[in-house]
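Participant: One structure follows; several queries about it will come next.
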Amino acid sequence: MGKKVVVTGVPGVGKTTVINGAMERLAAEGVEYTAVNFGTFMFEVAKKENLAADRDEMRKLEKDVQKRLQQAAASGIAAVSADANIIIDTHSSVKTPTGFLAGLPEWVLRELMPDIVVLVETDPDQILLRRLGDASRTRDMEGYRAIAEHQEFNRAVSAAYAMYTGCTIKIVRNENFLLEQGIDDLVSVLR
Ligand code: AP5
């Protein structure tokens, strides 16, 4: 069986950047991983059903609609992952207008059964500046405290994921000017 590693973090923390760096490093060592983005799987269904015009609109959808999209994404990913090493780029929790929605509820965990859940984190002020610098996305405007609370909630809800699946939880720091260190930490759990 391949390793199933779920990589999470608040929007703009740099999940995709750290994943891409780790994949490059591992490919050079001959260790193969496939990376999939959970939001992309959700958005394919949302687009087909005219539910959202872009991926940033999905977290504003009715809770039950988001749950249905999650279900579709989880079974789609389970179908493509088979026995390969896989990285799933997603969210421990999603901030919706009615509160935090678990990113990996029971029906998603049952499909994915991850070996490791990684939380990519850094200081909230760094995340804020990264969001402001990324014009390609429609980010929610949040302050330092709200980002800090979201990171705290992600740790709390991830403890439940560990209880349910027996996976380990790894915290990877992705700090300004220290991207390589974050990549090293992720590589160490993927190897
Ligand atoms: P997704 O596309 O995953 O949204 P996101 O978290 O906003 O993704 P980003 O790619 O923008 O952020 P990132 O953390 O990967 O940062 P990046 O590497 O780009 O999901 C879209 C939507 O799908 C969600 O909003 C949600 O609605 C839905 N969804 C997904 N999973 C779900 C689930 N399980 N349940 C329900 N809904 C779900 O980097 C950001 C910037 O920072 C870049 O400019 C980068 O260059 C810079 N940067 C990165 N690292 C550093 C560094 N060390 N120093 C300086 N700059 C850095």
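The values are calculated or read from the model by the stated rules, or taken from the named source; none is laboratory data. These figures come from a predicted structure and were not determined experimentally. Please note: Cβ atoms are built from the backbone with ideal geometry, for glycine as well, and neighbour counts cover all protein chains shown.
Participant: Show the residue pairs meeting these rules: Cβ distance below 7 Å; 6+ apart or different chains; first residue within region 9-23 and more than 19 Å from ASN154 (Cα to Cα); second residue of a type outside the set (Gly, Ala, Ser).
Facilitator: Short answer, once both residue conditions are applied: THR17/LEU179; GLY21/LEU179; GLY21/ILE183; ALA22/ILE183; ALA22/LEU186; ALA22/VAL187; ALA22/LEU190; MET23/TYR33.
Participant: Would you call ARG137 near the ligand (Cβ under 8 Å from one of its atoms), among the basic types (Lys, Arg), part of a helix (DSSP H, G or I) and in contact (Cβ under 8 Å) with a residue 60 or more places away in the chain?
Facilitator: Taking the combined requirement at face value, the residue does not satisfy it.
Participant: Further question: Across region 1-13, what is the number of residues that are surrounded by fewer than 23 Cβ atoms within 10 Å (Cβ to Cβ) and within 9 Å of the ligand (Cβ to nearest atom)?
Facilitator: Result for region 1-13: 2.
Participant: Shifting gears a bit: Among (1) out of contact with any helix residue (DSSP H, G or I) (no Cβ under 9 Å at 6 or more places or on another chain); (2) within 11 Å of the ligand (Cβ to nearest atom), there is one condition PHE100 misses while meeting the rest; what is its number?
Facilitator: Tallying (1) out of contact with any helix residue (DSSP H, G or I) (no Cβ under 9 Å at 6 or more places or on another chain); (2) within 11 Å of the ligand (Cβ to nearest atom), PHE100 fails exactly one: (1).
Participant: Take the conditions away from the ligand (no atom under 14 Å from the Cβ), within 17 Å of VAL172 (Cβ to Cβ) and surrounded by fewer than 17 Cβ atoms within 10 Å (Cβ to Cβ) and apply them to LYS48. Does it pass?
Facilitator: no
Participant: Of everything in region 157-191, what is within 15 Å of the chain's Cα centre (by Cα) and not aromatic (Phe, Trp, Tyr)? Give them in sequence order.
Facilitator: Those that are within 15 Å of the chain's Cα centre (by Cα) and not aromatic (Phe, Trp, Tyr): VAL157, SER158, ILE169, LYS170, ILE171, VAL172, ARG173, ASN174, LEU186.
Participant: With the structure loaded, tell me whether HIS91 is near the ligand (Cβ under 8 Å from one of its atoms) and either touching an Asp or Glu at 6+ places or on another chain (Cβ under 9 Å) or under 18 Å from GLY39 (Cα atoms) (or both) or whether it fails that test.
Facilitator: Yes; evaluated as a whole, the condition is true for this residue.
Participant: Any residue that is surrounded by 14 or more Cβ atoms within 10 Å (Cβ to Cβ) and out of contact with any helix residue (DSSP H, G or I) (no Cβ under 7 Å at 6 or more places or on another chain) - is there at least one of those in region 74-81?
Facilitator: The answer is yes; a qualifying residue exists.
Participant: Report yes if LEU112 is under 22 Å from VAL5 (Cα atoms) and near the ligand (Cβ under 9 Å from one of its atoms), otherwise no.
Facilitator: no
Participant: For region 164-172, indicate whether the set of residues that are assigned to a helix (DSSP H, G or I) and at pLDDT 95 or above is non-empty.
Facilitator: Looking for residues that are assigned to a helix (DSSP H, G or I) and at pLDDT 95 or above, one finds at least one in region 164-172, hence yes.
Participant: Please determine whether any residue of region 69-79 is touching a strand residue (DSSP E or B) at 6+ places or on another chain (Cβ under 6 Å), among the aliphatic types (A, V, I, L, M) and either more than 8 Å from the ligand (Cβ to nearest atom) or at pLDDT below 95 (or both).
Facilitator: Yes, there is a match, as at least one residue in region 69-79 is touching a strand residue (DSSP E or B) at 6+ places or on another chain (Cβ under 6 Å), among the aliphatic types (A, V, I, L, M) and either more than 8 Å from the ligand (Cβ to nearest atom) or at pLDDT below 95 (or both).
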